[in-house]
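Data first, discussion second: the structure below is written as structure tokens.
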Amino acid sequence: MMDHTRNEIIIKVEHLYKSFKSEIVLSDISLELFHGENLVVLGKSGAGKSVLLKCITGLIPPDKGDIILFDHNISDLNEDALNNLKKRIGYVFQGAALYDSMSVRENLLFPLERAENEISHKEKGFIIEEILENVGLKDSINKMPSELSGGMRKRAGLARALVLRPEIIMYDEPTTGLDPATSHEISELILQVQRIFRTSSIIVTHDMHCARLTSNRIMILENSCFIADGTYESLRKNKTKSVQDYFLN
């Protein structure tokens, strides 16, 4: 278990609200992500988990509340400052969101080419090969997304998120649509990425197996608000029915 007393808070969400028309999706949401932590946001499909990620990363605006990234309140930032902050965050989309017309290599090269850096083309090649080796895809470097299995597409999406060496990674339902064996592999890979790249992560999922394997801490989102916060073991012993329901399946 991690000792958070010595760890800095790198994301702080305070009293966040988000509605779409008359539907309340997030109501008075607060959370903290500590440096080096894997925080799992667990909840059923449609609970608002992905909306929470998109609010935190500035993809959609909240109705009310504060989101503080690396000590910066994102509502105080202009577009350039917010974009610079976003470069420190990797986002792994639910469907991998690869460019179908590009090979795996080209999908990873794309963000490197757009980034403002002085890395040579040769160095970019080394970076791509190293990342793909770390996610177990080095032999698939020249394949097109259509040639990849579901698990390989997830790995390629994670590789693309890692290529700019982000400090934080957001995982949106990383095991959805995968068979149990591949789901287990992706969960193990998330832990490997945390260890090798020293990332901090928010992992949204409804997969209890993924939550158990990857989490340092779990927050359960239900009916638009958090109902519990703790380690997997502490929540498993929680006698509240709404919490226990997650451990009975």
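Counting Lys and Arg as +1 and Asp and Glu as -1, each charge on the Cβ, what is the dipole of the chain about the Cα centre in debye, to the nearest 20?
On the way: 30 positive and 35 negative charges, 93 e Å.
For this selection, approximately 440 debye.
Given Cα pairs under 8 Å that are at least 6 residues apart, what percent is the relative contact order of region 9-94?
32 percent
Strictly over 26 Å apart at the Cα level, which of K44/K237; K12/K64; K86/K124; K12/K239; K21/K64; K87/K124 would you flag in this model?
K12/K239
For I119 and S242, FRET efficiency with R0 = 35 Å and r from the beta-carbon atoms, rounded to 0.05?
After rounding to 0.05, the efficiency reads 0.10.
So, in nm, how far is label E14 from label E129 when the simple model puts each one 7 Å beyond its Cα toward the Cβ?
4.9 nm
DSSP beta bridges in the chain, what fraction antiparallel, as a percent rounded to 5?
Numbers: 20 of 38 bridges.
Counting only bridges with both partners in the chain, antiparallel ones make up about 55 percent.
Using only Cα atoms, tell me the angle between helix 104-114 and the longest principal axis of the chain; keep it within 0 to 90° and round to the nearest 10.
Long axis of 104-114 versus the principal axis of the chain: about 80 degrees.
Taking a ≥ b ≥ c as the square roots of the Cα gyration tensor eigenvalues, with a/c under 1.5 meaning rounded and otherwise prolate when a/b beats b/c, else oblate, which class fits region 1-110?
Values: a/c = 1.45, a/b = 1.22, b/c = 1.18.
Rounded, because the longest to shortest axis ratio a/c is under 1.5.
Rounding to the nearest 10 and keeping the result within 0 to 90°, find how far the Cα-based axis of helix 121-134 lies from the longest principal axis of the chain.
That helix lies at roughly 50 degrees to the long axis.
With N residues in the chain, what two-decimal value do you get for its Cα radius of gyration over 2.2 N^0.38 Å?
Ratio of Rg to 2.2 N^0.38 Å for the chain: 1.01.
If you place +1 on the Cβ of every Lys and Arg, -1 on the Cβ of every Asp and Glu, and leave all else neutral, what size is the dipole of region 109-249 about its Cα centre, to the nearest 20 Debye? Each step should come with its number before you reach the end.
Details: 18 positive and 20 negative charges, 67 e Å.
The calculation lands at about 320 debye.
Please list, or write none, the aspartates and glutamates whose alpha carbon is within less than 19 Å of the alpha carbon of K154, excluding same-chain residues fewer than 8 places away.
D100, E106, E129, E130, E133, D139, D172, E173, D179, E185, E188, D207
Just so you know, all these numbers are worked out from the coordinates, no wet-lab data involved. Being a predicted model, the structure only gives us computed values, none of them experimental. Cβ: placed from backbone, ideal geometry, glycine included. Neighbour counts: every protein chain shown.
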